[in-house]
Amino acid sequence: MRGANLRSKERWAHGLMGMPMTATTPEAAPGGRRLFVSYARPDSEAVQRLVEVLRALHHVPWVDRELESEGGKPWWDRILAEIEACDGIIVVLSPQLFDSVPAEREREYADELGKPPLPVMVEPVTPDILPRELSARQFVDFTRGGPLAGAMLASAVAGLPPAPPLPDPIPKRPDVPSSYLGDLRDRVRAPALSLEEQIHLITELRLRLDLERERQAVVTLLRELQQRRDLCHATWQLLDPLLKDVRGESSEPAPPGDERPAEAGPVSGPATPTHPDQGLVTPTHRPPPPGWYPDPSGRHQLRWFWNGCWTRQASDHGKVVDDPNF
């Protein structure tokens, strides 16, 4: 009998998975649940399919499709109010979920309120990296869709325990998530940046390039960094090929009004010293400007040249090191 019921659910779910997606939210039927859907923005397409199935099951899922990485207080208040009013929280599992600060705060607040969570996987994730409140729970595999996924989802939602009454007093609401990109923007526009600060910025921005929702903003910040008058040569060497790769270009013009970053010496050619014992070799017999040049000793990629002399400061792959034996 149980097997017949499961087959019946599978046939029914198969029909749900083939239904065309609409923007109409059905009214909650008896036994339907009000569900808050917590997800990362890159998973919007998969979430839309999930929401349609939940609606066809006569539940009322709530998704904030206007959620952005930067926003004002009103949207965050609305999200917290929906969490407080929901019967359970659907946590959409994917690798992108763990990059979303708003989603993390949504889960934490729902946990404080005792809202039962239901993890639904839309992309494969390693169970070992799941948050504490999810790691011990059974999740629904929605990666392939199909009738079995629909039946599992229906059964899992039906099996959610009822949400307890809201605590009295209610826990303090979490603050609006600060914009990580906003912090990076402020650092890119700082009045002065050391070489180490410039390299750290490039490293952090490069990691954000893989996040589709942030990619365009990150490229804009990289271009701003490239235009700085105090950009060091070591930074330029990291930044220039990165922007070329982003745009698929074979060449990159120098910043307007300057042939190369400020305080950056030539990379090669007769004006570049070639060995510490050979002195300075330039057509005018004057030392080149202070800056990073290929290390004449060959021990490092670059070496800082200052006041007509080589210094102990060297750089390898953007990391500044002290070379006392030079």
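The values are calculated or read from the model by the stated rules, or taken from the named source; none is laboratory data. Since we're looking at a predicted model, the values are computed, not measured. All Cβ positions, even for glycine, are placed from backbone atoms using ideal geometry, and neighbour counts span all protein chains on display. Surface accessibility is based on the protein's heavy atoms, side chains included, excluding ligands, DNA and RNA. Shrake-Rupley method; radii C 1.70, N 1.55, O 1.52, S 1.80 Å.
Computed values, structure above
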{"quantity": "Failed criterion for S69 (all others in (1) polar (S, T, N, Q); (2) at pLDDT 80 or above; (3) under 28 Å from D210 (Cβ atoms) hold)", "calculated": "(2)"}
{"quantity": "Odd one out for F326, checked against (1) surrounded by fewer than 17 Cβ atoms within 10 Å (Cβ to Cβ); (2) touching a Lys or Arg at 6+ places or on another chain (Cβ under 6 Å); (3) at pLDDT 75 or above", "calculated": "(3)"}
{"quantity": "Candidate set: the range 43-54, residues that are open to solvent by 20 Å² or more (accessible area, probe 1.4 Å) and at pLDDT 90 or above; chosen: the one farthest from L97 (Cα to Cα)", "calculated": "E52"}
{"quantity": "Top-ranked residue of the range 158-206 - restricted to ones that are within 30 Å of L113 (Cβ to Cβ) and of a type in the set (V, I, T), ranked as surrounded by the most Cβ atoms within 10 Å (Cβ to Cβ)", "calculated": "V176"}
{"quantity": "Pairs, first crowded, with 20+ Cβ neighbours inside 10 Å and in a loop (DSSP other than H, G, I, E, B) in the range 117-130, second of a type in the set (A, V, I, L, M, F, W, C) and at pLDDT 90 or above, C-beta under 9 Å, six or more apart", "calculated": "V122/A46; V122/V47; V122/L50; V122/V92; V122/L93; V122/F142"}
{"quantity": "Filter result for I90 (assigned to a strand (DSSP E or B) and buried (at least 17 other Cβ atoms within 10 Å of the Cβ))", "calculated": "yes"}
{"quantity": "Top-ranked residue in the range 295-304 [being modelled with pLDDT under 75 and under 39 Å from the mean Cα position of the chain (by Cα); ranked as most open to solvent (accessible area, probe 1.4 Å)]", "calculated": "G298"}
{"quantity": "Meets criteria (open to solvent by less than 70 Å² (accessible area, probe 1.4 Å), in contact (Cβ under 8 Å) with a residue 12 or more places away in the chain and either closer than 30 Å to H317 by Cα or among the basic types (K, R) (or both)) for R107", "calculated": "yes"}
